[in-house]
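Down below is the structure, laid out as structure tokens.
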Amino acid sequence: MQIKMVGNVPAVSTLDVYEGLGVEHETIMRLIKKHKSHFDEIRIVRFEIRKIKKGRGRSTTFCYLDEEQATFLITLMKNSEKVVEFKKRLTRGFYRMKKFIAVQMNQRANAEWLEARKNGKVIRRQETDTIRDFVEYATAQGSKNARMYYVAVSRMQNKALFFLDQKYPNIRELLDVHQLATVSVADRVVARAIKKGMEQALPYKDIYQLAKSNVETLAAVHGKTPVPAMQIDNHRQTSLLET
């Protein structure tokens, strides 16, 4: 289940709700349409159309529900074991998203963090320029999916440096000042490894492995750390267990 920002509001798709509850999506949509006036009192429901599968996949109507609407929808259903379990996941999902928003707001009010983020963006652009050259290099050596290295390098760095319990749209917006400094060092390490590998005319796969090895060495020195928003979640879970 994915909670995402729709406009400025955390929301869940009815497509995710139906997968979590194990009921027909049409059943959920009928409930929403039947009680639409009540849902609209909370927030106007806007229906969208999406193809479930590519190609000849059929289109389906769905909508996004904010936390209050999603909670109201669940109250319209019988409390089976699966519904109760989904309620828990839904509550935790919205809680996590609100914590992410709170962390981002606090970060953006911190002058030291803003300066670190600004400097980090400059270094990241330099790394990206190097990866662009590497993509051309790998393509010339016969790589068919060289452009995937933009994503592959980011994932490799994040996996080496941080404990990840989920996918983050932009993890750097959630890191603290010290983590931003570390990830900037990793950006430099990757750029240097790639440049060195291309200067030595190494096979492109070996160059990527060299960059990965260097980042993992950096991570071993600095230590792997949790994303602050995830740390908040874990603290809350510990507190609940202690009460």
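With respect to the numbered conditions (1) under 14 Å from S13 (Cα atoms); (2) part of a helix (DSSP H, G or I), which one is the sole condition not fulfilled by F100? If we test F100 against (1) under 14 Å from S13 (Cα atoms); (2) part of a helix (DSSP H, G or I), just (1) comes out false. Screening Q107 with (1) in a helix (DSSP H, G or I); (2) at pLDDT 90 or above gives one miss only, at (2). Does V189 satisfy the criteria of being crowded, with 17+ Cβ neighbours inside 10 Å and within 30 Å of R89 (Cβ to Cβ)? Spelling it out, it is not the case that V189 is crowded, with 17+ Cβ neighbours inside 10 Å and within 30 Å of R89 (Cβ to Cβ). Being more than 30 Å from D66 (Cβ to Cβ) and not in a helix (DSSP H, G or I) holds for only one residue in L175, L202, and it is L202. Among the residues of the range 187-210, those that are under 15 Å from T139 (Cα atoms) and of a type in the set (A, V, I, L, M) comprise I194, M198, A201, L202, I207. Scanning the range 1-31 for residues that are surrounded by 15 or more Cβ atoms within 10 Å (Cβ to Cβ), farther than 13 Å from F62 by Cβ and of a type in the set (G, A, S) yields one hit, G20. List the pairs whose first member sits in the range 166-179 and is closer than 15 Å to E112 by Cβ, whose second member is surrounded by fewer than 17 Cβ atoms within 10 Å (Cβ to Cβ) and acidic (D, E), and whose Cβ atoms are under 9 Å apart, counting only residues at least 6 apart or on separate chains? That search, which allows pairs on different chains as well, returns V177/E112; V177/E115.
None of I44, I32 is touching a Cys at 6+ places or on another chain (Cβ under 9 Å), assigned by TED's automatic domain parsing to the domain that holds T71 and over 21 Å from P169 (Cα atoms) except I32.
Filtered by the rule that a residue be surrounded by 18 or more Cβ atoms within 10 Å (Cβ to Cβ) and out of contact with any helix residue (DSSP H, G or I) (no Cβ under 7 Å at 6 or more places or on another chain), the range 163-186 gives a lone residue, Q179. Filter the range 123-153 down to the residues that are under 20 Å from D206 (Cβ atoms), without any contact (Cβ under 8 Å) to a residue 40 or more places away in the chain and part of a helix (DSSP H, G or I) and list them by number. Passing the criteria: R132, V135, E136, T139, A140, R147, M148, Y150, V151. Sub-7 Å Cβ pairs linking a first residue in the range 189-207 that is in the same structural domain as R125 (by TED's automatic domain parsing) to a second residue that is not in a helix (DSSP H, G or I), at least 6 apart or interchain, are P203/Q141; Y204/Q141; Y204/S143, ordered by first then second residue.
The values are calculated or read from the model by the stated rules, or taken from the named source; none is laboratory data. Remember, it's a predicted structure, so these values are computed and weren't measured experimentally. Every residue, glycine among them, receives a Cβ derived from its backbone with ideal geometry; neighbour counts consider all protein chains shown.
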